[in-house]
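Worksheet: the structure to be examined is printed underneath.
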Amino acid sequence: MIRSLLLLGVLCAAAQTSAAVDDPKPATPTGVTPQTQKINELIAKKWEEAGIKKPAERATDNEFMRRVFIDLVGRIPTVEEIQDFEQDRGPNKRVRLVQRLLQERKYTPKVNGKAVTAISGLSKFPIDYSAAYARNFAEIWSVWLLTRSGVDPIYREQLMMWLEDQLDNNSAYRDFVTGLITATGKSNENGAVHFVFRHLGDAIQSDMKGQRVDLEEFGKYDNVPVTSRVTKLFLGIQTQCTQCHDHPQAKEWLQADFWGVNAFFRQTEKVGLQNNMQKKAMQTPNFVELREMPNWNKKGMVLYERRDGQRRASYPVMLKDLVQAEKGEKSAKNLVSASAGTKTRRQILADWVIQHDNFEKAYVNRLWGHLFGRGLQKDPTVDDFKSDNEVVHPELLAYLGEQFKNYNHDTKKLLEWICTSDVYQLSHVTGKEKIGGKSLTHSDFDPYFARMPLKAMSPEVLFDSLSLATRAEGRLKEAEYKALKLSWTGKLVRNFGDDEGNELSFNGTVVQALLLMNGKDLNDQVGTARDKGVVADVVKKHRGTPNSIYGELFMMTVSRHPSREEIVKLEQVRNGRATINLSAPAPKGTTTPKPSSGGVAAVPGALPDDVTFYQDVFWALLNTNEFMLNH
């Protein structure tokens, strides 16, 4: 344990020093699209306006590779993938890497000019990056659509299957959204029904106790959750507080706006319970169902109560465009003056959602937030467009929204434009420049993206990356892997979240405290026996060459080679020339508690092939913030 603590401190300190002095030669990216060039131009324009003369340096190839793997396919790269990228001497290697992760279905990395025949840690080979991208974004979307709790795993997987199919086939985003809003039928045939089903809300209660609600007049459900979630997810407009009153800060959003959208869902019926799979005794089928009920709420009237006690009525009215909201105008899209024809209310709502003037910009902002940890507005939230939340990059947001629409709402193209831009390729480490006495790490400069923010891995990405580093996936059957992932991520997300799905950040501290620092889960994967486990395999592969063992362990975890300083310090520990001050505070960037006893203790050394020593090194690497964070 003492040696593990010392190694953790050594690696944290050395990693910070290594990152700070890393100064790759600047390179002008070639082979990028006109859209990427425009992003570069507009971001640089904003740097100039903010007085930022020297943003962060360009990230190293290894830092960039790790970042784009996590962001696009939801895991860190393997050793073989790193070597393949490092040895690529062709032009535009970063652009080609992004395109590969988005499009390639059968990729075989090369190491030393030879195609590899298998990859340690990956169960499927050749690599289908398009499917990995689809799975990653399906997990992201499933959380956005359902939150992480309250839905049976079988039902979540039904939605995931629908999402993966849409994403793998790169369906146009407008069709993707339409499919979610309008879904009907059984969930085992159309997994998209789970979104609206999840959020239809409570049954409407009659004003008179014991009296039944007239379904023909009012419908069955209050539809409160689905109303706010549709406007927030697909239009970037938070309407939840206007359920009860006009918006207190953004005066343009009124209570009538909320209930106008609400009325589009009043003819929807749900059959089944999404959490009933846990009640095995009920013997219920493995599906729920959404139905259209045209005889419900036939007049389209929805009653709501204002704070002064007055009762008002609304009808199906689409949320007004942002341009209309700014001018104080009302929406012109409503079912009072427009005939529904043969379309259902939800089908009409979907048409009007994708015609809204913030539809494309809301999605651009959401994806930008996924890649940078914050949106293009003053506040870091990605889904809160309103008059008192300034868009810091209005020209960029409008341009990308327009291009996204012109290119058939192609999500993969949008991701490629952003991921090949200069701003996405910046290091997370800034220089010493100060503006008005403030460094570029000050929160005032966050909206200008003069450096890449540090981002916490999601629980799903953390699990997949940890499993890849420990090569657990390659040892488990697919069903076993899914069960283990469900168990582990459950530990992380329990007690995190609210009924709107606004989950807290999963930063390294929380993750380490709940999962890694308890030791058992991690040790099970690292392997504690001298002749078994992933570390024993690495030691056997590089027998008698500590530097090569360090190199592979570093690439398996933090996706880079160890620095000279790190190797020197590790060798000091292995050769028994190191001590640890047990009364000192825990190393910066860790959550290791301070030992109760004080004093200086000698750290035992190890032979060149001592597996237990390298297990300590591996354990320490997995507990660093460099592993935990996406940088």
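Peptides 464-473, 312-321, 481-490, 561-570 ordered by packing proxy, namely the average of other Cβ atoms within 10 Å per residue, highest first: 464-473, 312-321, 561-570, 481-490. Basic side chains Lys and Arg get +1 at the Cβ, acidic Asp and Glu get -1 at the Cβ, and with that the dipole of segment 171-357 about its Cα centre reaches some 340 debye. Taking amide H atoms as placed 1.01 Å from N in the peptide plane, the amide H of GLN377 lies under 5 Å from those of VAL392, each 5 or more residues away in sequence or on another chain.
With the simple model of a label 7 Å out from the Cα in the direction of the Cβ, LYS540 to ALA602 spans 3.4 nm. The lysines within cross-link reach of LYS93, meaning a Cα-to-Cα straight distance under 21 Å and a gap of 8 or more places when in the same chain, are LYS25, LYS38, LYS106, LYS110, LYS114, LYS412, LYS413.
Rounded to whole numbers, the Karplus 3J(HN,Hα) couplings from phi for segment 353-365 are 4, 6, 8, 4, 6, 10, 4, 5, 5, 5, 6, 4, 5 Hz, using 6.51 cos²θ - 1.76 cosθ + 1.60 with θ = phi - 60°, and x at Gly and Pro. Counting only residues at least eight positions apart within a chain, or on another chain, the aspartates and glutamates with an alpha carbon under 15 Å from that of LYS186 are GLU157, GLU269, GLU289, GLU292. Along segment 117-131 the Karplus relation, 6.51 cos²θ - 1.76 cosθ + 1.60 evaluated at θ = phi - 60°, assigns HN-Hα couplings of 9, 6, 10, 5, x, 9, 7, 10, 7, x, 8, 9, 5, 4, 5 Hz to successive residues, with x for each Gly and Pro.
In this structure, the amide hydrogen of VAL111, modeled 1.01 Å from its nitrogen in the peptide plane, lies closer than 5 angstrom to those of VAL116, counting only residues at least 5 positions away or on a different chain.
Between MET293 and GLN324, full extension at 0.36 nm per residue minus the direct alpha carbon distance yields a gain of 7.9 nm. Cross-link partners of LYS251 among lysines, defined as those whose alpha carbon lies under 18 angstrom from its own and excluding same-chain residues fewer than eight positions apart: LYS232, LYS320, LYS327, LYS330, LYS386. Segment CYS241..ASN188, full-extension length gain: 15.7 nm, with 0.36 nm per residue of separation and the alpha-carbon distance subtracted. Close amide-amide hydrogen proximity is noted between HIS428 and MET452, each under 5 Å apart and 5 or more residues distant or on a separate chain (H modeled in the peptide plane; Pro and chain starts excluded).
For segment 80-126, run through the trypsin sites (Lys or Arg not before Pro) and keep only the ones in DSSP coil with at most 15 other Cβ atoms within 10 Å of their Cβ.
Values: sites: ARG89, LYS93, ARG94, ARG96, ARG100, ARG105, LYS106, LYS110, LYS114, LYS124; in loops: ARG89, ARG105, LYS106, LYS124.
The qualifying sites are ARG89, ARG105, LYS106, LYS124.
A straight line joining the Cα centroids of segment 198-244 and segment 129-172 runs 25 Å.
Full-extension gain between GLN211 and ALA479, please, as 0.36 nm times their residue separation minus the C-alpha to C-alpha distance.
Numbers: separation 268, 0.36 × 268 = 96.48 nm, distance 4.90 nm.
Here the segment from GLN211 to ALA479 would lengthen by 91.6 nm.
In order along segment 173-183, the phi-based Karplus estimate (6.51 cos²θ - 1.76 cosθ + 1.60, θ = phi - 60°) of 3J(HN,Hα) comes to 4, 4, 6, 4, 5, 4, x, 6, 6, 9, 4 Hz; Gly and Pro are listed as x. Taking Cβ atoms as reference points and 12 Å as the exclusive limit, the residues near VAL317 contribute a net charge of +3, counting Lys and Arg as +1 and Asp and Glu as -1. Normalised by the number of residues in segment 171-357, the average gap of Cα pairs under 8 Å and 6 or more apart makes the relative contact order 23 percent.
Please give the net charge around PHE385, taking every other residue with its beta carbon less than 12 angstrom from that of PHE385, where Lys and Arg add +1 and Asp and Glu add -1. Let's see the in-between values first.
Details: positive: LYS232, LYS361, ARG366, LYS378, LYS386; negative: GLU252, ASP321, GLU326, ASP357, ASP379, ASP383, ASP384, ASP388, GLU390.
Result for the neighbourhood of PHE385: -4.
In this label model, ASP357 and ALA203 are separated by 4.3 nm, measuring between points 7 Å along each Cα→Cβ vector.
Any read-out appearing in this document is the output of simple, stated calculations on the displayed coordinates, not a laboratory observation. Values in this document were obtained by computation on a predicted structure and should not be read as measured data. Don't worry about glycine lacking a Cβ; one is built from the backbone with ideal geometry, like all the others, and counts go over all protein chains shown.
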